[in-house]
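I have placed the structure first, in the form of structure tokens, so that the comments after it can refer back to it.
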Amino acid sequence: MAVAKTARVMGTERLGPDILLLDLCATEPLGFVGGQYLILDSRIILPSGKAVKRAYSFLTGDAEQHRFQLAVKRIPDGLGSAFVHGLVAGTDISFSGPWGKFFPREGASGRTLILATDTGITAALGFVRATRFVPVLPQTQLIWLRASAEYFLPDEFVRQQIPAGCGAVRIEAIPAVGDSKRIASARALLREVLSRGDLAQAFIAGDGAVNQVLFDELVTAGVAVSQDHVESFFNMPKKST
């Protein structure tokens, strides 16, 4: 059973009409690696008896293990995100974690691609800010694809979070979730990156439907990638039986 941990809300900031940035301080060291996530317990219990819990990636790097940030998009009729958007400074939250295998491995090297779609940028930002990822930063290209500049985090905010040593940053529009052209657009961009050759490893986060297609493209191209290199936030791929 996961051990419950607590953190205090030190402050909040609105980054858009439906985006909240939370600054938190944990009561004990988190023990996380950039790219991982926590599961926040809203303490709301549904009539079915199920607790409302939601996963949020650590937005900040892991050099600091007490203070951290989360960025949460309010989802229409979403109980979890509504709870988060109601938090104010001085409130304590309960969570478990860290969770997830989407984080840099020790000793990684070579030209690296990190491609995030939509809210997957939070995991990508934590990933590139991981302490162990510093040696790879100059050879890294971070790409964020989202439907519009108003979709989630402001472009300028995202750029400010990326370490100065990152080799290249690219933020572009992609057809919205559910658009029939979305996957083709993401695939075309990946093939453009692959056409430059010598990509050693890749990591992808965000839309699970896009992730699966890009994962297959990377495997076919002979790029070092595994399921641990993929973090799906929604449109989860069906598990094989």
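Could you tell me the number of lysine pairs in the chain with C-alpha atoms less than 22 Å from each other, where the two lysines are 8 or more residues apart or belong to different chains?
10
Starting at 0 and stepping by 5 Å, how many percent of the alpha carbon pairs of the chain end up in each bin?
Going from the shortest bin to the longest, the percentages are 1, 6, 14, 18, 20, 17, 12, 7, 3, 1, 0.
Could you pull the accessible area for V88 with a 1.4 Å probe, rounded to 10 Å²?
Number for this one is 90 Å².
Per the helix-only calculation at 222 nm, which mean residue ellipticity applies to the chain, given -39500 (n - 2.57) for every DSSP H run of n ≥ 4 and division by its residues, nearest 500 deg cm²/dmol?
-6000 deg cm²/dmol
Among V210, A186, L15, whose Cα projects farthest towards the positive end of the dipole of the chain, with charges put on the beta-carbon of Lys, Arg (+1) and Asp, Glu (-1)?
The listed residue farthest towards the positive side: V210.
Please give me the summed charge of the neighbours of S81: other residues whose Cβ is under 9 Å from its Cβ, Lys and Arg +1, Asp and Glu -1.
+2
Based on the mean of other Cβ atoms within 10 Å per residue, sort peptides 211-222, 52-63 so the most packed one is first. Could the numbers behind the result be given before it?
Values: 211-222: 17.2, 52-63: 20.3.
Per-residue Cβ counts within 10 Å, averaged per peptide and sorted highest first, yield 52-63, 211-222.
Work through the residues other than L214 whose Cβ is under 14 Å from its Cβ and net out their charges, Lys, Arg +1 and Asp, Glu -1.
-3
If a/c stays under 1.5 just call it rounded; otherwise compare a/b with b/c (prolate if a/b is bigger, oblate if not). Do that for the stretch 76-173, with a ≥ b ≥ c from the square roots of the Cα gyration tensor eigenvalues.
Details: a/c = 2.29, a/b = 1.47, b/c = 1.56.
Oblate, since a/c reaches 1.5 and b/c is not below a/b.
Roughly speaking, to the nearest percent, how much of the stretch 40-134's 1.4 Å accessible area is carbon and sulfur?
Taking all protein chains in place, the stretch 40-134 shows 56 percent carbon and sulfur surface.
Kindly report the accessible area of the chain per residue (heavy atoms of protein chains, probe 1.4 Å, no ligands, DNA or RNA), in Å².
With the other protein chains kept in place, the chain gives 47 Å² per residue.
Pop a pseudo-label 7 angstrom from the Cα along the beta-carbon direction at both K238 and V219 and give the gap in nm to one decimal.
1.7
To the nearest 10 square angstrom, what accessible area does I44 show with a 1.4 Å probe?
50
Count neighbours as other Cβ atoms within 10 Å of each site's Cβ, and list the trypsin sites (Lys or Arg not before Pro) in the stretch 132-233 that are DSSP loop with at most 12 such neighbours. Working shown, then result.
Values: sites: R132, R146, R159, R170, K181, R182, R187, R191, R196; in loops: K181, R196.
Of the trypsin sites (Lys or Arg not before Pro), the ones in loops of the stretch 132-233 whose Cβ has at most 12 other Cβ atoms within 10 Å are K181, R196.
What is the chain's relative contact order, in percent, from Cα pairs under 8 angstrom and six or more apart in sequence?
For the chain, the relative contact order is 19 percent.
Rounded to whole Hz and in sequence order, give me ³J(HN,Hα) for the stretch 20-30 from the Karplus expression 6.51 cos²θ - 1.76 cosθ + 1.60, θ = phi - 60°, writing x for Gly and Pro.
Result, ordered by residue: 10, 9, 9, 9, 10, 10, 7, 6, 8, x, 6 Hz.
Restricting to the chain, what percent of DSSP beta bridges are antiparallel, rounded to 5?
In the chain, DSSP labels about 55 percent of beta bridges as antiparallel.
In what sequence, highest mean first, do 94-103, 160-169 appear when ranked by Cβ atoms within 10 angstrom?
Ranked by mean Cβ neighbours within 10 Å, highest first: 94-103, 160-169.
Can you tell me the dipole magnitude for the chain around its Cα centre, using point charges on the Cβ only (Lys, Arg +1; Asp, Glu -1), in Debye to the nearest 20? Write out the running numbers ahead of the final one.
Working: 25 positive and 23 negative charges, 69 e Å.
Value, rounded to 20: 340 debye.
The values are calculated or read from the model by the stated rules, or taken from the named source; none is laboratory data. For clarity, every value in this text was computed on a predicted model and none was experimentally measured. Counting neighbours? That spans all protein chains shown, and the Cβs are built from the backbone with ideal geometry, glycine included. Accessible surface is based on the protein model in full, side chains and every heavy atom, while ligands, DNA and RNA are left aside. Shrake-Rupley method; radii C 1.70, N 1.55, O 1.52, S 1.80 Å.
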